[in-house]
Amino acid sequence: MARIEHAKTQNPQIATLAFWGGVGTVTGSKYLIETKNSKVLIDCGLFQGLKELRDRNWQAPPFDPTTIDAVVLTHAHTDHVGYLPALVKNGFKGMVYCTRATGELARIILEDSAELQEEEADWRNKKGLTEHKPAVPLYDRTDVKRTMKLFQPQKAGTEGFQVTSDIRVQWWPAGHMLGARSLRVEVSGAGALGQQRSILFSGDVGRCNQPVLRDPVTPPPADYVLVESTYGDRLHEDEDPRQQLAEVIKDAHERDAPVLIPAFSVGRTQDILYHIRELEDAGEIPIVPVRADSPMAAEATQAYLKMVEEHDDDTREITAARRNPLRTKSMGFSSSREESRRLNEETGARVIVSASGMMTGGRVMHHARQMVSNPEATICFVGFQAAGTTGRRILDGEPEIKIFKEWFPVRCRIKKIGGFSAHADYNELLTWLAPLARNAPRHVYIIHGEPEAALAMQGHITERFGWNVTVPAYGDVIELR
């Protein structure tokens with residue numbers, strides 16, 4: 001695709017939208033709206049996966065953070081909020097707008113991210129496993145504290161709130177994780193003749209009938225639409241993921257063997273706990289020890305229980321009966337590193353749920369060192385594995401993987417359960433987009449997907465709706481004419 005011109009230099013009176021992340025990849029989401037009066041960043045995510053993407057986190061930002069007036073967040077996952085402390089470290093002093101749940105979960109995620117980065121830098125320095133001397137974190141816990149002081153959680157519903165003098169935001173439930181929203185941004189005086197323009201950011205669109213969360217809602221039509229495409233080239237399996245999980249646990253129980261489930265501490269871990277609890281209540285699986293190895297998961301689980309305004313009707317019924325929907329019958333959280341290490345001394349059938357979900361770092365890597373070469377152990381993937389991650393390499397059948405600079409043969413059993421995905425597949429995305437057809441957008445941009453998935457999603461939308469659709473590249477800038 002031909003590169004989109006940097007239109008801002010041609011007519012400074014026309015508002016622009018720049019793509020500084022979440023294009024060509026599922027990580028690093030950053031979209032900069034610039035008017036003659038304001039600069040607002042939608043999401044501020046960390047790049048993950050391939051080294052050339054991760055290197056962007058360490059490069060100077062492609063825009064001046066000191067000139068950004070505000071950041072508006074769609075949700076709290078690392079690929080949407082994880083760069084915020086680095087932005088603050090580089091001079092950002094504006095406000096950060098989000099839902100109450102996103103603010104609470106972002107604090108948990110960013111504090112954990114900083115702690116893990118500090119620990120890994122210390123570990124690499126002690127072991128001499130670093131190309132840079134000394135190894136340093138991208139940001140530390142002090143940077144996170146400074147960042148959290150800028151948060152302004154909003155209670156507003158669809159009536160919206162004013163971000164700057166010429167940018168207003170409305171939002172609707174996205175169904176992806178607790179507090180997640182799709183945003184409709186109104187930009188005053190955007191066009192050459194001073195017209196108002198609107199931009200719809202899908203954020204990450206979830207699926208209907210997921211544990212705890214309300215179903216996704218499509219906002220009203222907008223002039224420009226940015227839609228995610230994580231699963232733009234595939235459909236989710238029809239098989240019930242809960243039953244697939246039951247089979248994995250029953251198999252492990254029969255063989256008296258461990259199961260490792262790499263899962264994000266926020267969102268996916270709570271889904272897994274909810275389903276195991278349901279399976280136990282229904283008598284469909286034996287009771288085995290379940291260990292959630294993450295202090296962040298423990299804190300996030302409490303947040304999930306506390307944010308009742310985000311709950312669906314089923315969860316409200318369970319909590320109204322004074323039952324915990326996220327607690328299994330033989331369950332424990334491992335908060336300290338010592339408790340985490342002791343998990344690898346346990347024997348017999350057990351389930352360890354540990355982050356990170358794509359095996360890009362964190363405690364799951366220490367468990368993987370113990371299990372990946374064990375033919376009796378099972379590593380069970382319950383979410384998308386981005387290119388370049390350890391999880392993707394295992395799923396792709398690589399015979400060896402590198403963990404902390406050591407190579408390990410892959411001999412364990414490998415299972416994948418696709419139905420747990422928190423992302424809509426392309427059919428579900430088309431259903432989400434369908435209400436916009438009554439007033440077709442001027443242009444649609446495909447974001448937050450690997451190249452094949454983004455191109456496939458472009459084709460699906462063109463075929464179904466006949467709209468103008470583009471897959472932008474990193475650094476592209478469009479005019480909001």
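The table that follows gives values for the structure above.
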| quantity | calculated |
| --- | --- |
| Positive-end residue of ALA368, THR102, ILE261, charge dipole of the chain with Cβ unit charges | THR102 |
| Positive-end extreme of charge dipole, the range 241-420 - chosen from ASN324, ASN344, THR301 (charges on Cβ) | ASN344 |
| Per principal axis, descending, Cα span of the range 241-420 in whole Å | 50, 32, 31 |
| Share of pairwise Cα separations in the range 346-481, more than 22 Å, in percent | 52 percent |
| Helical mean residue ellipticity (222 nm; -39500 (n - 2.57) per DSSP H run of 4+; nearest 500) of the chain | -9000 deg cm²/dmol |
| Debye, to nearest 20: dipole size of the chain, +1 on Lys, Arg Cβ, -1 on Asp, Glu Cβ | 1100 debye |
| Stokes-Einstein D in µm²/s, Kirkwood radius over Cα pairs - the range 1-132 at 4 °C with 1.567 mPa s viscosity | 81 µm²/s |
| Charge dipole (debye, nearest 20) of the range 241-420; +1 at Cβ of Lys and Arg, -1 at Cβ of Asp and Glu | 500 debye |
| Long-range Cα-Cα pairs in the range 124-174 (distance over 18 Å), rounded percent | 61 percent |
| Rg/Rh (Cα only; Kirkwood hydrodynamic radius) as it applies to the range 391-458 | 1.18 |
| Kirkwood Rh (inverse of mean 1/r, distinct Cα pairs), the range 85-136, angstrom | 13.0 Å |
| Residue list for the range 294-308, given a label point 7 angstrom along the Cα-to-Cβ vector of ASN324 and an amide N cut-off under 12 Å | 298-299, 301-303, 305 |
| Gyration tensor over alpha-carbon atoms, the range 224-327, equivalent ellipsoid semi-axes in Å | 24, 21, 15 |
| Size of charge dipole - the range 70-193 - debye, nearest 20, with Cβ of Lys, Arg +1 and Asp, Glu -1, no other charges | 260 debye |
| Label-point separation, ASP313 to ASP281 (7 Å along Cα→Cβ), nm | 1.6 nm |
| Rounded, prolate or oblate (a/c below 1.5 giving rounded, otherwise prolate when a/b exceeds b/c) for the chain by Cα gyration tensor | prolate |
| Sites matching trypsin sites (Lys or Arg not before Pro) across the range 360-428 that sit in DSSP coil, with at most 12 neighbouring C-beta atoms within 10 Å | LYS405 |
| Neighbour-limited loop hits for GluC sites (Glu not before Pro), the range 98-139 (at most 14 other Cβ within 10 Å; DSSP other than H, G, I, E, B) | GLU131 |
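We did not get these values from a lab; they are worked out from the coordinates using the rules stated. Here the structure is a predicted model, which means the values were calculated and not measured. Don't worry about glycine lacking a Cβ; one is built from the backbone with ideal geometry, like all the others, and counts go over all protein chains shown.
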